[in-house]
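Participant: Please find one structure pasted underneath; my questions will follow.
The values are calculated or read from the model by the stated rules, or taken from the named source; none is laboratory data. Given the structure is predicted, the values throughout are model-derived calculations rather than measurements. Positions of Cβ are generated from backbone atoms using ideal geometry, with glycine treated the same way; all protein chains shown enter the neighbour counts.
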Amino acid sequence: MKYQLIINKTAEENITATVCKPSELTDKIEYLVMNYNGTDKITGYTEDDIKPLPFSEIECIFVEGGKTYAVLTDGSRYLIKLRLYEIEKLLPAAFIKINKSALGNTARIERFTNSLIGAVDAVFKCGHTEYVSRRCFSEIKRRILK
């Protein structure tokens, strides 16, 4: 396999991939190219700061009390002034719906835990825990627990 990247700021963007046959890798490349909107950050707010939050540092995004928050890899929480469905459109494929009011970064999920009543929780590497709905768990199993 050969790879070539040419950066020319004056040229029109054109992405061409020549492959022998389609594969899971080509599907992922196509998805990334077709869904890339030019941004890989979202703005987060605290009482003191306004900070660009790279998608790679976000573990979980959830709604609490009508406000949307992002939990970063260091465990800090930032307010995001967008609705969950708006954020979902911006995020890369690594994020998946965990329940009706939360999205999780599949690369940052450490494990799943069961409770006595049969509920499943996703535990992220920073320690944040989020409830996983039964409706979303089948898709999570398909994508993560292959």
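Participant: Based on this model, can you work out whether Ile87 counts as under 22 Å from Tyr131 (Cβ atoms), within 16 Å of the chain's Cα centre (by Cα), buried (at least 16 other Cβ atoms within 10 Å of the Cβ) and modelled with pLDDT under 95? Show your work before the answer.
Facilitator: Values: under 22 Å from Tyr131 (Cβ atoms): yes; within 16 Å of the chain's Cα centre (by Cα): yes; buried (at least 16 other Cβ atoms within 10 Å of the Cβ): yes; modelled with pLDDT under 95: yes.
Taking the combined requirement at face value, the residue satisfies it.
Participant: Which residue out of Thr73, Thr68, Thr43 is closer than 28 Å to Tyr31 by Cα, at pLDDT 95 or above and of a type in the set (S, T, N, Q)? Lay out the reasoning, then the answer.
Facilitator: Values: Thr73 fails: at pLDDT 95 or above; Thr43 fails: at pLDDT 95 or above.
Answer to the check: Thr68.
Participant: Looking at Thr113, Thr73, which is the one that is under 14 Å from the mean Cα position of the chain (by Cα) and hydroxyl-bearing (Ser, Thr, Tyr)?
Facilitator: Details: Thr113 fails: under 14 Å from the mean Cα position of the chain (by Cα).
Just one listed residue meets the conditions, Thr73.
Participant: Mind counting the residues in region 35-84 that are more than 21 Å from Arg111 (Cα to Cα), of a type in the set (A, V, I, L, M) and surrounded by 12 or more Cβ atoms within 10 Å (Cβ to Cβ)?
Facilitator: Going through region 35-84 one residue at a time, the tally reaches 7.
Participant: Is it true that Glu130 is farther than 24 Å from Glu24 by Cβ, charged (D, E, K, R), free of Cβ contacts under 8 Å to residues at least 12 places away in the same chain and outside any helix (DSSP H, G or I)?
Facilitator: Details: farther than 24 Å from Glu24 by Cβ: yes; charged (D, E, K, R): yes; free of Cβ contacts under 8 Å to residues at least 12 places away in the same chain: no; outside any helix (DSSP H, G or I): yes.
No: the conditions fail for Glu130.
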